[in-house]
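The values are calculated or read from the model by the stated rules, or taken from the named source; none is laboratory data. Quantities reported herein were computed from a predicted structural model and do not represent experimental measurements. When we count neighbours, we look across all protein chains shown, and the Cβ atoms used for this are built from the backbone with ideal geometry, even at glycine. In case anyone asks, the SASA skips ligands and DNA or RNA and just uses the protein heavy atoms, side chains included. Shrake-Rupley method; radii C 1.70, N 1.55, O 1.52, S 1.80 Å.
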Amino acid sequence: MKMFLKLVMNVAFITSMFVNASLAQAELTADELVKRTAEDVLSTIKSDKDIQAGNQQKIFALAEEKILPNFDFDRVCRMVLGKNWRAATPEQQAAFQKEFRTLLLRTYASALGKYKDQVIEYKPLRAEAGAKNVSVKTQILQPGGQPISVDYSLVKAENGWKVYDIVIESVSLVTNYRSQFSSEIRQNGIDSLNKKLADKNKASGV
């Protein structure tokens with residue numbers, strides 16, 4: 001578990017490549033969107049001395065603006081909670097969405113501040129024509145370290161491609177969180193999970 005979270009922190013900065021979809025971006029293929037927006041965002045990080053110096057306000061603003069809006073967040077929450085989503089009340093679902101969104105925000109914001117000139121290698125997209133669900137495969141090349149495989153699962157929405165999962169070294173972010181949260185819900189209920197997430201988020205100052 002700790003190893004997976006470490007991998008997330010090492011490579012989550014790349015998730016910031018997903019910027020808000022404009023009409024032009026909506027016409028791009030999934031891999032074109034990944035590559036073009038990655039180059040744009042990483043260029044911004046490299047040129048922003050405040051982000052490199054760890055300015056929390058700017059880091060969180062960048063994550064808020066360019067990462068989370070590009071997830072199919074409703075789908076992510078449903079997948080993460082699985083059968084527990086259907087069993088939850090609307091109020092419990094809303095509370096979970098709020099706290100889980102903040103959890104992802106602080107995870108990626110922390111990673112953005114740790115960018116150290118990693119290089120992204122993009123694999124050829126293998127998908128059938130007209131596919132609505134694809135996987136964009138990349139590798140993070142680290143100076144002095146082993147490459148890290150990072151695959152992005154995307155679904156075609158009305159306003160362009162949206163991310164709903166990230167697979168790091170064959171470990172799914174959704175599956176990982178589902179395992180953690182299912183255990184807590186099974187033992188103490190969803191209200192307990194929401195409270196624990198809220199307490200962690202509050203402690204982090206988000």
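The set of residues from segment 83-104 being open to solvent by 20 Å² or more (accessible area, probe 1.4 Å) and among the small types (Gly, Ala, Ser) comprises Ala87, Ala94, Ala95. Only one of the listed residues (Tyr115, Tyr108) is in a helix (DSSP H, G or I), open to solvent by less than 30 Å² (accessible area, probe 1.4 Å) and within 27 Å of Asp31 (Cβ to Cβ). That residue is Tyr108. Out of all the residues in segment 132-146, which are part of a loop (DSSP other than H, G, I, E, B) and either at pLDDT 90 or above or in contact with a His (Cβ under 6 Å, 6 or more places away or on another chain) (or both)? Matches in segment 132-146: Lys132 only.
None of Val163, Val150, Val167, Val155 is in a strand (DSSP E or B), touching a residue at least 40 places away in the same chain (Cβ under 8 Å), surrounded by fewer than 20 Cβ atoms within 10 Å (Cβ to Cβ) and not hydroxyl-bearing (Ser, Thr, Tyr) except Val155. Listed by position, the helices (runs of 4 or more DSSP H) contained in segment 11-81 that have at least 1 residues being open to solvent by 10 Å² or more (accessible area, probe 1.4 Å), farther than 29 Å from Ala131 by Cβ and modelled with pLDDT of 75 or more are 30-47, 49-52, 56-66. Tallying residues that are hydrophobic (A, V, I, L, M, F, W, C) and over 12 Å from Gly82 (Cα atoms) within segment 164-189 yields 5. For Asn133, the requirement of being loosely packed, with under 14 Cβ neighbours inside 10 Å, among the polar types (S, T, N, Q), in contact (Cβ under 8 Å) with a residue 60 or more places away in the chain and farther than 24 Å from Gly54 by Cβ is not met.
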